[in-house]
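What follows is one structure encoded as structure tokens, with my remarks underneath.
The values are calculated or read from the model by the stated rules, or taken from the named source; none is laboratory data. Quick caveat: nothing in here was measured; it's all calculated off a predicted structure. Cβ sites come from the backbone with ideal geometry, for glycine too, and all protein chains shown count toward neighbours.
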């Protein structure tokens, strides 16, 4: 509160760019809410293509988030407990999808897992196609979302330190038991926040998905892709479906903030 009072009383001009920044984010969403045809909202978001896209998005985002947990938790543990150039290089590689344009990520995935890709050719020879399938959607979502989980969990692990792990080891606890009973419970808030953010990123993924998986209704056309297609054919449906994603984003932010608030309240 003291910092907030100083910000307003000492440098009141900060309110101007702060207000402009808030308006830049809020006004487009408000405009969307004001222009949507609420009388037809339900029919617009429950059409067959919309239902297929929403259901596919929820299914693939759930599977992708589980993959992020399976692969991202060990990665975060390795990064949090490692030092040196090798760890720095590994961290740069893992976090690369955060700065890559999603379309570039999709092209990279296509070169790796496409029918003529580095690994895709071998899969194709075995009768397994990955590109332009639902599996490709899951891989694309995991590729772009996993860094959010790794970054959040690694920060939580570094903030807790290793003193409790050292005590557990001194008392004779095996490393796997220490990981399960000490390390992960202490980092649970970061793990929960990272998981929620990863799910939201999976749900909103567009560029890598359309490049690597295409847009086949019921197979690879997720909700963001459906919104993009509806923008040309039925702008009203595009706006209505966009509000659905906005509502999900607000829910995700609310869950993340509530978790952090409860953690702050419980800190002595």
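The table that follows gives values for the structure above.
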quantity: Residue that is closer than 30 Å to residue 164 by Cβ, in contact (Cβ under 8 Å) with a residue 24 or more places away in the chain and in contact with a helix residue (DSSP H, G or I) (Cβ under 7 Å, 6 or more places away or on another chain), where the choices are 198, 208, 213; calculated: 198
quantity: In region 60-89, residue surrounded by the most Cβ atoms within 10 Å (Cβ to Cβ) [restricted to those that are within 17 Å of the chain's Cα centre (by Cα) and without any contact (Cβ under 8 Å) to a residue 60 or more places away in the chain]; calculated: 66
quantity: Matching residues, region 126-141, being in a helix (DSSP H, G or I), surrounded by fewer than 24 Cβ atoms within 10 Å (Cβ to Cβ) and touching a helix residue (DSSP H, G or I) at 6+ places or on another chain (Cβ under 6 Å); calculated: 138
quantity: Region 112-123 - residue that is surrounded by 12 or more Cβ atoms within 10 Å (Cβ to Cβ) and touching a helix residue (DSSP H, G or I) at 6+ places or on another chain (Cβ under 6 Å) and, of those, nearest to residue 149 (Cα to Cα); calculated: 113
quantity: Residues (surrounded by fewer than 17 Cβ atoms within 10 Å (Cβ to Cβ) and under 24 Å from residue 101 (Cα atoms)) located in region 215-228; calculated: 215, 216, 219, 228
quantity: Number of the exception - residue 147 against (1) buried (at least 16 other Cβ atoms within 10 Å of the Cβ); (2) over 27 Å from residue 77 (Cα atoms); calculated: (2)
quantity: Meets criteria (without any contact (Cβ under 8 Å) to a residue 40 or more places away in the chain, within 21 Å of the chain's Cα centre (by Cα), part of a helix (DSSP H, G or I) and loosely packed, with under 15 Cβ neighbours inside 10 Å) for residue 92; calculated: yes
quantity: Breaking point among (1) in a loop (DSSP other than H, G, I, E, B); (2) free of Cβ contacts under 8 Å to residues at least 12 places away in the same chain; (3) under 30 Å from residue 31 (Cβ atoms), for residue 232; calculated: (1)
quantity: Among (1) assigned to a helix (DSSP H, G or I); (2) touching a residue at least 40 places away in the same chain (Cβ under 8 Å); (3) surrounded by fewer than 17 Cβ atoms within 10 Å (Cβ to Cβ), the one test that residue 157 misses; calculated: (3)
quantity: Odd one out for residue 192, checked against (1) within 30 Å of residue 227 (Cβ to Cβ); (2) modelled with pLDDT of 90 or more; calculated: (2)
quantity: Count - residues of region 160-196 that are part of a loop (DSSP other than H, G, I, E, B) and under 26 Å from residue 88 (Cα atoms); calculated: 3
quantity: Residue list for region 98-111, restricted to those being touching a helix residue (DSSP H, G or I) at 6+ places or on another chain (Cβ under 9 Å), outside any loop (DSSP other than H, G, I, E, B) and farther than 8 Å from residue 208 by Cβ; calculated: 98, 104, 107, 108, 110, 111
